[in-house]
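Everything on this sheet refers to the single structure shown next.
The values are calculated or read from the model by the stated rules, or taken from the named source; none is laboratory data. Everything numeric in this text was worked out from a predicted model, so none of it was measured. In this analysis, Cβ positions are derived from the backbone assuming ideal geometry, glycine residues included, and neighbour counts consider all displayed protein chains. SASA here: full protein model, heavy atoms, side chains in, ligands and nucleic acids out. Shrake-Rupley method; radii C 1.70, N 1.55, O 1.52, S 1.80 Å.
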Amino acid sequence: ERMVTNLVETVHHLAVLQERSGRLVRVGLEPESGCFLESTEDVVAFFNDQLLRKGGDLLTRRYGYGEGDAERLLRTHLGVCFDTAHLSLQYEDLAGSIERYRGEGILIAKVQLGAALDVINERPRLEALRPFVEPVYLHQVTARNVRGGIRTWSDLPEALRDVREAREFEALRVLYHLPLAWEGSDLIGTTSRDLNPAFFAALKSGACEHLEIENYMYDILPPALQNGPVETYVARDYAWVMERL
């Protein structure tokens with residue numbers, strides 16, 4: 001209820017701001033593993049069950065908007081920040097997620113293009129993840145079991161400790177914003193393959209005009225991956241994205 005109240009007050013503020021200045025500001029809620037909103041379905045449920053219903057009522061009571069205006073303002077100023085690495089950790093189909101949001105009328109305010117680590121649960125592959133353990137960031141980990149369920153850990157060391165003896169997990173994905181153009185190694189894969197032709201076709205169909213390549217972890221990559229200046233990686237990622245767009 002407090003989240004809904006704060007977001008409603010934000011929407012009212014942004015509506016007044018747009019009326020006074022002509023500037024349209026939008027807030028994108030960003031699902032992430034281990035957070036209140038993790039998946040596409042979490043966002044859809046939060047919008048439909050909380051924001052649009054309870055938030056719309058609150059906008060009407062507190063600020064005097066009509067029912068139709070309240071929903072319009074909520075949909076105009078609140079949306080989702082679509083982080084591809086975060087959604088890949090939930091084993092989601094990216095193009096399907098975009099279509100789900102569009103079908104629900106939920107604004108995609110920004111798309112952040114990123115890739116995470118993807119490793120089959122085999123001991124040599126798990127050991128290959130150890131150079132990615134570092135103290136600066138939390139690297140959330142998800143593991144999918146043979147029944148399709150997902151377990152989440154807040155950081156990589158915890159996951160490596162638990163998973164090595166748990167054979168029911170088929171694969172692990174680790175939040176680690178990697179260079180998109182890096183194709184992985186013999187032991188380690190990446191989720192850049194989730195940014196497939198169907199995903200880019202959904203973008204080009206008008207899903208969102210604001211795209212951002214998210215890769216701020218160059219300095220903490222294992223030394224074996226730091227084989228050139230950071231601007232080289234930036235240029236490669238731009239070329240990788242533009243080729244697919």
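Assorted remarks:
- Test: residue in the stretch 170-186 that is among the charged types (D, E, K, R), closer than 23 Å to residue 97 by Cβ, open to solvent by 50 Å² or more (accessible area, probe 1.4 Å) and under 20 Å from the mean Cα position of the chain (by Cα): no
- In the stretch 194-208, of all residues being part of a loop (DSSP other than H, G, I, E, B) and touching a strand residue (DSSP E or B) at 6+ places or on another chain (Cβ under 9 Å), the one that is nearest to residue 180 (Cα to Cα) corresponds to 195.
- Yes/no for residue 5 being hydroxyl-bearing (Ser, Thr, Tyr) and farther than 19 Å from residue 110 by Cβ: yes
- Candidate set from the stretch 84-94 (those that are part of a helix (DSSP H, G or I) and out of contact with any Pro (no Cβ under 9 Å at 6 or more places or on another chain)); member that is farthest from residue 141 (Cα to Cα): 94
- When residue 138 is tested against the conditions (1) out of contact with any helix residue (DSSP H, G or I) (no Cβ under 7 Å at 6 or more places or on another chain); (2) open to solvent by 60 Å² or more (accessible area, probe 1.4 Å); (3) not in a loop (DSSP other than H, G, I, E, B), the lone failure is (3).
- Summed over the stretch 10-53, residues that are part of a helix (DSSP H, G or I), of a type in the set (D, E, K, R) and surrounded by 15 or more Cβ atoms within 10 Å (Cβ to Cβ) total 1.
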